[in-house]
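I have a structure I would like to understand better, so I am pasting it below and will then ask my questions one at a time.
Any read-out appearing in this document is the output of simple, stated calculations on the displayed coordinates, not a laboratory observation. Here the structure is a predicted model, which is why all the values come from computation and not from measurement. Cβ atoms come from the backbone with ideal geometry, glycine included; neighbour counts cover every protein chain shown.
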């Protein structure tokens, strides 16, 4: 979990809220992220697009939006991999950041994530920083690959599991709406973000990225993590005029909730209408037929 706390500091750097100086954000962003095998500039690029197009069916980045048509035409692995409890150990690293599913590899300069040479060069620099840090760790461990795997890479898998749980619960819920081009708008997209209180001191340890995520999405280039609680209270006061606009749920059972939603929320329906909802939600809201 505390490796994810470190990630959140780099996350602030990526948004430019750690410092008012770009070079400071870039330096400490690389220090925070390279140590946990996250290429800073590539992640910054994909994550910014997630913020710019939250809940957009085609342009959002991160956890993919899957339509009913895509789901039904998928093979068994694609359909059910996310439903396997321990799949979360691999969905961040290596599946998302290295293999690049679905947004493009963050480690390969010629992946679909990058469309110009400047971004490709920045990718190479960030990846070099990751490998340099890994080499330093390996050197400190006397080049013992087994010890390196056990005490460095395995903890990174669990850090990735935390990342998958946190980010999934921030944007996935039974009542979430997803929009197509033409009906999507920035404000509508951000309102599909969910604040979740994990409890047990976890929210504070994770710098309130869990229970202050709505405010973060509205002001992602303006508010550092330590001001998210105050910003959240201000957001709540504004959105309380609109029933259902502010979404907050307790998630003390966050692991169970994560596993349950991965099974239940399999695909979206309504493609072509401009607004999509999860199939299970639509079915549950359908009037029951009388015998």
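Classify the range 61-133: rounded, prolate or oblate, from the alpha-carbon gyration tensor (a ≥ b ≥ c, eigenvalue square roots; a/c under 1.5 rounded; otherwise prolate if a/b is larger than b/c)? Mind showing how you got there, number by number?
On the way: a/c = 3.79, a/b = 1.76, b/c = 2.15.
In terms of gyration-tensor shape, oblate.
Once you put a point 7 Å from the Cα of residue 52 and another 7 Å from the Cα of residue 242, both along the Cβ direction, what distance in nm separates them?
It works out to 2.3 nm between the two label points.
Then there is this: Would you mind classifying the range 10-124 by shape? Square roots of the alpha carbon gyration tensor eigenvalues, ordered a ≥ b ≥ c; an a/c under 1.5 is rounded, otherwise it is prolate if a/b is larger than b/c and oblate if not.
Values: a/c = 2.01, a/b = 1.83, b/c = 1.10.
The shape class here is prolate.
Using the number of other C-beta atoms within 10 angstrom as an exposure proxy, rank 130, 13 with the fewest first.
Lowest count first: 130, 13.
Considering the chain as a Gaussian network with a 10 Å cut-off on Cα pairs, which listed residue, 184, 92, 23, attains the greatest mean-square fluctuation?
Most flexible of the set in this elastic network: 23.
By how many degrees, between 0 and 90 and to the nearest 10, does the Cα long axis of helix 117-140 differ from the longest principal axis of the chain?
Result, in degrees: 60.
Considering the convex hull of the alpha carbon atoms of the range 170-233, report its projected area averaged over all viewing directions, in nm², one decimal. Present the calculation step by step, with values, prior to reporting the outcome.
On the way: hull surface 19.6 nm².
Value for the range 170-233: 4.9 nm².
Still on this structure: Distance between the C-alpha centers of the range 120-181 and the range 1-29? Whole Å please.
Computed from Cα coordinates, the inter-centre distance equals 15 Å.
Just from its helices, what would the mean residue ellipticity at 222 nm be for the chain, if runs of 4 or more DSSP H residues each count -39500 (n - 2.57) and the sum is divided by every residue, rounded to the nearest 500 deg cm²/dmol? Mind showing how you got there, number by number?
On the way: 15 runs with 145 residues, N = 291.
Calculated at 222 nm, the ellipticity per residue is -14500 deg cm²/dmol.
Compute the long axis of helix 22-34 from its Cα atoms, compare it with the longest principal axis of the Cα atoms of the chain, and write down the angle in degrees, 0 to 90, nearest 10.
90
If you work out Cα Rg over 2.2 N^0.38 Å from the coordinates, which of (1) 1.10; (2) 1.02; (3) 1.24 do you get?
(2)
Then there's this: If you find the alpha carbon centre of the range 225-260 and of the range 66-82, how far apart are they in angstrom?
Here the answer is 30 Å between Cα centres.
Roughly speaking, what is the stretch gain from residue 81 to residue 59, that is 0.36 nm per residue apart minus the C-alpha to C-alpha distance, in nm to one decimal?
That pair, residue 81 and residue 59, stretches by 5.6 nm at full extension.
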